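Report on the following structure.
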Amino acid sequence: MNKAHFLWVDDEIDLLKPYMLFLEEKGYRMECVNNGRDAIERTRETLFDIIFLDEHMPGLSGLETLDGLHDTAPDVPVVMVTKSEDEGIMNRAIGRKIADYLIKPVHPSQVLLTIKKILDKKALISEAATVDYRQVFNQLSEEINNCRFADDWTTLYQKLVYWELELEQADNAMKELPALQKAEANSAFARFIRKSYPQWMRQGANPPLMSPALFKKTVFPAIERGEKLFFILIDNFRLDQWYAVKSLFTDLFICDEELYFSILPTATPYARNSIFSGLMPRQLATQFPDYWVDDHEEEGKNLQEELLIQAQLERKHLSPLLSYQKINTNLEATELNKHFSELERNDLHVWVFNFIDMLSHTRTDSKMIRELSADEPAYRSLTRSWLLHSPLHDLLKKIASKGYRAVLTTDHGSIRVTNGMKILADRETTTNLRYKAGKNLGYEPRKLFEMLHPEEFGLPASHMSTRYIFATQNDFFVYPNNYNHHLSYYAQSFQHGGISMEEMMIPLITLNPK
């Protein structure tokens, strides 16, 4: 059976016989015409898989023929073949979106390589990805069982996300396997956190990099060196989303990547306030009672971020000129872009972008957004589309053009929940689906992570008997009343606040000037 059908356009048609014989041996069919007009007419009658087009022909030139082919066969890849190495011709041909460029004399193996690159690339990549993943599958399973330390988990998580995206991009039949391995890993990760998190919270412990130490790691050294720094926090930004947008940054910066751990709960009022204050939530509630708002109160939980940043800087005896901006809309980001030159006089810029967090919350309530972000690949795609077309991308270009350094990070990630877990609670219990804080909670302890003494974990408590519980893996908390309704309403939504690799191990990217 013929694999594909090609059209070769060349006025020296007698010289093409060796190519015809070679390609026929490989199972392809090739037709030849000796001028551009016939080529255009032929494409009106037949759909070809590739058109090989000579640039130097009497009558219509190759570039003129190319214009006609774009009208009659706009989706057929065209390979330009020419004797000329003129850079101008190459640029014009590439600018008209040719698929490849061959310079005579062309060896048949070059033609075959071009065919495979155009027609078989996806299948070859998929096949190679399958072979490679099969080789590492057992190794990854062993690593899941052998992870003992925080660094082991960050390394493993990066590998799992890499393979998830690699098989997804290759549209590979095995692309479901990384998700299954990730689920297995999340189960083991929950056991690791149950054991390790209490140890990290002890006085004198040496925990991995966590939320309260983020400014110490990234901001203070730059200020002490007298550098300008842009600290950009994208709320609810996961590692896989970083991988999806990474290419937009590597064109502008040299990217230094690492992961850090969000504190629990992996929710904005706790994690982000901890970043900006440099304190655990209990310390923050004690030292700045006017700034801390309990979960059950209606008031906004992150209204004092600029004051918390100032207070943290003052404790370290640092006094940079600070510019703080919280951006909820493209219009606000556009205004920031317009006034960039005025803002440059400041030393430290802290920008918070809320789009992804808004997307995850809106997805729960909006059927349209739910359809647009139906699964993980769609969620990543929306993230990339937003960043590519947002004023943030233009701001990053300006930062890069000025040679400034930036830090890109987040306060927590999110996970797509699937399994409802019944709990009992009173009206004063927090409403988050991935964690609960309250004094009258009914649950099965073995299925979650409980903090019976919040003060030991750096968390505030409204009452003597307040406790925190956290969902793990893909679970979310549901009350018995209207259980089925809430189960169907929230299942498959992206939530945060609990314990998973996606929520806790989050990107910290230093964007260094090129």
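Please treat every number below as a calculation from the coordinates, not as lab data. Predicted model, so just to flag it, every value in this text is computed and none were measured. FYI the Cβ positions are ideal-geometry reconstructions off the backbone, even for glycines, and counts take in every protein chain you see.
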Which residues' amide hydrogens lie under 5 Å from the amide hydrogen of Met421, considering only partners 5 or more residues apart or on another chain, with H built in the peptide plane? Phe476, Phe477, Val478
What is the fewest-to-most order of Glu332, Glu444 by other Cβ atoms lying within 10 Å of their Cβ? Glu444, Glu332
If you place +1 on the Cβ of every Lys and Arg, -1 on the Cβ of every Asp and Glu, and leave all else neutral, what size is the dipole of the chain about its Cα centre, to the nearest 20 Debye? 1460 debye
About its Cα centre, how strong a charge dipole does the range 122-200 have in debye, to the nearest 20, once Lys and Arg get +1 and Asp and Glu get -1 at the Cβ? 380 debye
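Normalised radius of gyration for the range 416-502, please: alpha carbon Rg relative to 2.2 N^0.38 Å, two decimal places.
That works out to 1.04 for the range 416-502.
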With N set to the number of residues, divide the alpha-carbon radius of gyration of the chain by 2.2 N^0.38 Å and report two decimals. 1.21
Alpha-carbon centroids, the range 15-75 and the range 312-388: separation in whole Å: 49 Å
Give me the distance between the Cα centres of the range 191-250 and the range 458-476, rounded to whole Å. 23 Å
For Lys439, the lysines lying under 22 Å Cα to Cα, once residues fewer than eight places off in the same chain are dropped, come out as Lys301, Lys422, Lys447
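Order of Asp290, Asp251, Asp240 from fewest to most other C-beta atoms within 10 Å?
In increasing order of surrounding Cβ atoms, one gets Asp290, Asp251, Asp240.
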Relative contact order of the chain, pairs being alpha-carbon contacts under 8 Å that are 6 or more residues apart, as %: 16 percent
Listed residue (His339, Gly27, Met358) projecting farthest to the positive dipole end of the chain, Cβ model: Met358
Under 5 Å, built H, 5+ apart or other chain: amide partners of Tyr260: Ile506, Leu508
Tell me which GluC sites (Glu not before Pro) from the range 139-242 have a DSSP coil assignment and no more than 15 other beta carbons within 10 Å of their own. Glu227
Taking Cα pairs under 8 Å and at least six residues apart, what relative contact order does the range 372-514 come out at, in percent? 35 percent
Once a ≥ b ≥ c are taken as the square roots of the eigenvalues of the Cα gyration tensor of the range 5-119, is the result rounded (a/c under 1.5), prolate (a/b larger than b/c) or oblate (a/b not larger than b/c)? rounded
Could you tell me, in Å, what Rg and Dmax come out for the Cα atoms of the range 122-200? 13.9, 48
Under 20 Å Cα-Cα from Lys3, which lysines qualify once same-chain neighbours fewer than 8 residues away are excluded? Lys17, Lys26, Lys116, Lys117, Lys121, Lys122
Using Cα-only point scatterers and the Debye equation, what is log10 of I(q)/I(0) for the range 117-265 at each q in 0.09, 0.14, 0.18 Å⁻¹, rounded to two decimals? -0.40, -0.88, -1.21
So which of Lys246/Lys398; Lys159/Lys246; Lys246/Lys402 end up more than 22 Å apart, counting from Cα to Cα? none
If amide hydrogens are placed 1.01 Å from N in the peptide plane, which non-local residues have theirs closer than 5 Å to the one on Leu60? Gly36, Arg37
Ratio for the range 211-412, C-alpha Rg to 2.2 N^0.38 Å, reads 1.02
Placing +1 on the Cβ of each Lys and Arg and -1 on the Cβ of each Asp and Glu in the range 416-502, which of Pro454, Ala471, Tyr483 has its Cα farthest towards the positive end of the resulting dipole? Tyr483
